[in-house]
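A.B. asks: Sharing a structure, written as structure tokens. Questions coming.
The values are calculated or read from the model by the stated rules, or taken from the named source; none is laboratory data. Keep in mind that this is a model prediction, so the values were computed, not measured. With ideal geometry, Cβ positions are generated from the backbone for all residues, glycine too; neighbour counts draw on all protein chains shown. Note: areas computed on protein heavy atoms with side chains; ligands, DNA, RNA excluded. Shrake-Rupley method; radii C 1.70, N 1.55, O 1.52, S 1.80 Å.
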Amino acid sequence: MIESGARRREIDEVASELFHANGYAATSVRDIAKALDIQGASLYAHVASKEDVLWSIVDRAATAFETKADEAAADTATSDPVERLAALVEAHVDVVTADPERASVFVTEWRHLSADRRAAIAERRDAYEARFRAVIDDGAAVGAFRPTDTALAATFILTALNGIATWYRPAGRLSADRIADNYIDLALRSLSEDHR
């Protein structure tokens with residue numbers, strides 16, 4: 001028999017795959033139960049609702065992004081905004097490539113959460129994006145990055161990073177490390193070169 005915590009993780013993993021492939025709205029509790037080879041009613045022994053499954057996936061993804069960003073900040077004990085932005089980009093790529101399905105669900109399906117949960121995730125997303133804005137502001141202040149609309153620049157970089165979840169495959173042409181290197185280069189160039 002599968003231990004309850006292990007079963008709960010298995011439910012989240014299967015639901016992540018289904019939500020990623022079909023979307024939250026198009027995935028039923030019956031679909032999740034079928035993929036787990038259990039009866040729909042048995043699923044409710046582990047979860048209260050389909051939304052609770054989505055909440056668990058989104059909350060875990062948000063925590064993974066926050067934790068990796070914290071580690072990047074600790075590992076990059078420097079005031080150099082170029083190094084700090086590179087570390088943030090690398091950390092984000094690490095989270096997305098470690099579990100692209102969960103990252104995809106976090107990016108696209110969180111809007112299906114109830115109002116309170118949606119507000120909580122929106123607040124965490126804003127705080128996470130603020131890390132990127134602060135580094136971009138610092139870089140512009142010392143001349144490492146050209147002056148730009150900081151909020152737009154952060155959105156541009158994060159949108160590109162989040163897009164990785166839609167196409168990344170572990171057995172694909174580029175390793176996660178190579179993708180991170182390329183995205184770091186692109187992010188830094190987009191802020192430091194005059195493209196006029």
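A.B. asks: Rounded, prolate or oblate: pick one for the range 106-196, where a ≥ b ≥ c are the square roots of the eigenvalues of its C-alpha gyration tensor, a/c under 1.5 means rounded, and failing that, prolate if a/b is larger than b/c, else oblate.
C.D. replies: Here the range 106-196 falls in the oblate category.
A.B. asks: Related question: Test of understanding: in a Gaussian network model of the chain with alpha carbons linked when under 10 Å, which of HIS92, HIS46, HIS20 would top the mean-square fluctuation ranking?
C.D. replies: In the Gaussian network model the winner is HIS46.
A.B. asks: Whats the longest run of the chain with zero GluC sites (Glu not before Pro) that are DSSP loop and have at most 13 other Cβ atoms within 10 Å? Could the numbers behind the result be given before it?
C.D. replies: Details: sites that count: GLU3, GLU193.
Here the longest segment lacking exposed loop sites spans 4-192.
A.B. asks: When the Karplus curve 6.51 cos²θ - 1.76 cosθ + 1.60 is applied with θ = phi - 60°, which whole-Hz ³J(HN,Hα) does each residue of the range 120-133 get, with x for Gly and Pro?
C.D. replies: Once θ is set to phi - 60°, the couplings for the range 120-133 become 5, 5, 4, 5, 5, 5, 4, 5, 5, 4, 4, 4, 5, 4 Hz.
A.B. asks: Have a look at ASP94, ASP12, ASP116 and tell me which one the Gaussian network model of the chain (Cα, springs below 10 Å) gives the largest fluctuation.
C.D. replies: Of ASP94, ASP12, ASP116, the most mobile in the Gaussian network model is ASP116.
A.B. asks: Take the chain, connect every pair of alpha-carbon atoms lying under 10 Å apart with a spring to form a Gaussian network, then pick out the residue of ASP99, ASP177, ASP59 with the largest mean-square fluctuation.
C.D. replies: Answer for the Gaussian network model of the chain: ASP177.
A.B. asks: With θ set to phi - 60° and the Karplus curve 6.51 cos²θ - 1.76 cosθ + 1.60, what are the ³J(HN,Hα) couplings of the range 107-119 in order, to the nearest whole Hz, using x for Gly and Pro?
C.D. replies: Using θ = phi - 60°, the values come out as 5, 9, 9, 4, 5, 7, 6, 5, 4, 5, 5, 4, 5 Hz.
A.B. asks: Accessible area per residue, 1.4 Å probe, Å², for the chain: what's the number?
C.D. replies: 53
A.B. asks: Give me the angle, in degrees from 0 to 90, between the Cα long axis of helix 176-192 and the longest principal axis of the Cα atoms of the chain, rounded to the nearest 10.
C.D. replies: With both axes taken from Cα atoms, the answer is about 40 degrees.
A.B. asks: Rounded to the nearest 0.05, what FRET efficiency do THR148 and GLN39 give with R0 = 45 Å and r taken as the Cβ-Cβ distance? Could you check?
C.D. replies: 0.25
A.B. asks: A further question follows. In whole percent, how big is the carbon plus sulfur part of the accessible area of the range 32-182, probe 1.4 Å, protein atoms only?
C.D. replies: Carbon and sulfur together cover 51 percent of it.
A.B. asks: How large is ³J(HN,Hα), in whole Hz, for each residue of the range 71-77 in order, when computed from phi with the Karplus curve 6.51 cos²θ - 1.76 cosθ + 1.60 and θ = phi - 60°, using x for Gly and Pro?
C.D. replies: The phi angles translate into 5, 4, 5, 5, 6, 10, 7 Hz.
A.B. asks: Compute the relative contact order of the range 79-196 as a whole-number percentage, counting only Cα pairs closer than 8 Å that sit 6 or more residues apart in sequence.
C.D. replies: Values: 91 pairs, mean separation 50.3, N = 118.
Contact order relative to length: 43 percent.
A.B. asks: Ok, one more. Classify the range 56-165 as rounded, prolate or oblate from the Cα gyration tensor: take a ≥ b ≥ c as the square roots of its eigenvalues, call it rounded if a/c is under 1.5, otherwise prolate when a/b beats b/c and oblate if not.
C.D. replies: The shape class here is prolate.
A.B. asks: Hey, what number do you get for the chain at 222 nm if only DSSP H runs of n ≥ 4 count, each worth -39500 (n - 2.57), divided across all residues, to the nearest 500?
C.D. replies: -25000 deg cm²/dmol
A.B. asks: For the chain, state the average projected area of the convex hull of the C-alpha atoms over all orientations, rounded to one decimal in nm². Kindly include the intermediate steps, with their values, before the conclusion.
C.D. replies: On the way: hull surface 51.0 nm².
For the Cα atoms of the chain, the hull's average projected area reads 12.7 nm².
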